[in-house]
Amino acid sequence: MSNLSVDNLLGIKYLNKSDLNLIFKTSDNFKEIINRKIKKVPSLRDVTIANLFFENSTRTKLSFELAQKRLSADIVNFSSSGSSISKGETLIDTVNNILSMKVDMIVMRHPNPGASVFLSKNVDSCIINAGDGTHEHPTQALLDAYSLIEKIGDLKNRNILIVGDIMHSRVALSNIFAYQKLGANVTVCGPKSLIPKSIESLNVSVETDFRKALKNSDAVNMLRIQNERMSNSYFPSIREYVQQYGLTMSLLNSINKEIIVMHPGPINRGVEITSEVADSDQAIILDQVENGVAIRMAIMYLLAAKLK
């Protein structure tokens, strides 16, 4: 069996195309397993995984836990509220205390960008980044790319559009890295105030006209406005944002081609996307959720094979 080129999953930018293909191929096997009557395999029966979530999460946390249970791993769940971190303990001390209980792998979501990279340099464990601030969300990008390949095949020379709050989105950055490694062309779209000035250095196109951007796209990934990360107002009103960047069925129908619609969740229905679009045949949002379990199973399985 081939091996990943990395010992941790810290971000898509640290992976190569062979890593992506290996993860996708392994996910195919696990997807077949989780669609059986008996969905559990003993692959990680002797592995203990700690889930450290320093930020609220529903889908990602549930998806990781379900993936771990499907692989028969032992699980420890940690929440920062009421923990020693609230009493002043450092992140490194907290993690080292957990590792001293013979934990093999850490899955961590943290509000600070680069937290997982910092941790990987300071503790002796396998680290999986489940989202770090506005930096990266590698497992989301992997499941997005995997879901899109399932739907339209090879992404080489495909045009993929990412719309919304690019500035505050860790999904956007990981998506850009993943799609480009797979040969796709990436365009970002949204109000100028929500697109980082340095984004073009990543070799992406920038478009502020949503309709124009859609006409040139094979798939569109709609991102929500991340109000929890905003300290200022970045556009006049939600109503104006919806008028310019909300995806409606009438807008989709006015473009004479089928465009795959994606969303990492949570969806703000009626803001970045209408219910009619979210529930349509063009949307693969629930496929993304299902594939998230298989992708996370594959990642933990492949990284566990490299444990010392």
Subset of segment 147-161, residues of a type in the set (D, E, K, R) and either crowded, with 19+ Cβ neighbours inside 10 Å or out of contact with any strand residue (DSSP E or B) (no Cβ under 7 Å at 6 or more places or on another chain) (or both), comes to Glu150, Asp154, Lys156, Arg158
In segment 162-176, anything among the charged types (D, E, K, R) and either touching a strand residue (DSSP E or B) at 6+ places or on another chain (Cβ under 9 Å) or under 20 Å from Ser27 (Cα atoms) (or both) is listed as Arg170
Of the residues in segment 68-77, those that are within 20 Å of Asp132 (Cα to Cα) and crowded, with 18+ Cβ neighbours inside 10 Å come to none
If we keep only residues of segment 162-178 that are touching a Lys or Arg at 6+ places or on another chain (Cβ under 8 Å) and of a type outside the set (Gly, Ala, Ser), then the residue surrounded by the fewest Cβ atoms within 10 Å (Cβ to Cβ) is His168
Based on what the data block shows, is Thr187 surrounded by 13 or more Cβ atoms within 10 Å (Cβ to Cβ), in contact with a strand residue (DSSP E or B) (Cβ under 8 Å, 6 or more places away or on another chain), among the polar types (S, T, N, Q) and in the same structural domain as Ile149 (by TED's automatic domain parsing)? yes
query: Does Ser57 satisfy the criteria of being buried (at least 20 other Cβ atoms within 10 Å of the Cβ) and touching a residue at least 60 places away in the same chain (Cβ under 8 Å)?
result: no
If you go through Ser100, Ser125, Ser116, the only one that is exposed (fewer than 14 other Cβ atoms within 10 Å of the Cβ) and assigned by TED's automatic domain parsing to the domain that holds Ala294 is Ser100
| request: Output yes when any residue across segment 299-308 is over 24 Å from Ile106 (Cβ atoms) and either in contact with a Phe, Trp or Tyr (Cβ under 6 Å, 6 or more places away or on another chain) or aliphatic (A, V, I, L, M) (or both), and no when none is. | output: no
Residue pairs within 7 Å by beta carbon, gap of at least six or interchain, first lying in segment 292-308 and surrounded by fewer than 21 Cβ atoms within 10 Å (Cβ to Cβ), second in a helix (DSSP H, G or I) and at pLDDT 95 or above, listed first then second, are Leu302/Leu22; Leu302/Ile23; Leu302/Thr26
Within segment 247-263, the count of residues that are surrounded by 13 or more Cβ atoms within 10 Å (Cβ to Cβ) and either out of contact with any strand residue (DSSP E or B) (no Cβ under 7 Å at 6 or more places or on another chain) or not assigned by TED's automatic domain parsing to the domain that holds Asn159 (or both) comes to 5
Requiring at least 3 residues that are more than 12 Å from the chain's Cα centre (by Cα), more than 30 Å from Asn51 (Cβ to Cβ) and of a type outside the set (Asp, Glu), the strands (runs of 3 or more DSSP E) wholly within segment 130-240 are 159-163, 185-189
In segment 121-149, anything among the hydroxyl-bearing types (Ser, Thr, Tyr) and at pLDDT 95 or above is listed as Thr139, Tyr146, Ser147
Filter segment 1-40 for residues that are farther than 17 Å from Gly292 by Cα and of a type in the set (Lys, Arg); the one that is surrounded by the fewest Cβ atoms within 10 Å (Cβ to Cβ) is Lys37
Is it the case that some residue within segment 86-106 is under 25 Å from the mean Cα position of the chain (by Cα), of a type in the set (Lys, Arg) and modelled with pLDDT of 90 or more? no
Q: Say whether the condition of being of a type in the set (Ser, Thr, Tyr) and free of Cβ contacts under 8 Å to residues at least 12 places away in the same chain is met by at least one residue in segment 111-121.
A: no
Here the qualifying pairs (Cβ atoms under 6 Å; residues six or more apart or on different chains; first in segment 205-218 and among the acidic types (Asp, Glu); second surrounded by 15 or more Cβ atoms within 10 Å (Cβ to Cβ)) come out as Glu207/Thr187; Glu207/Cys189; Glu207/Ala213; Asp218/Arg158; Asp218/Asn159
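The values are calculated or read from the model by the stated rules, or taken from the named source; none is laboratory data. Note that this is a predicted model, so its numbers are computed, not measured. For neighbour counting, all protein chains shown are included, and Cβ atoms are generated from backbone atoms with ideal geometry for every residue, glycine included.
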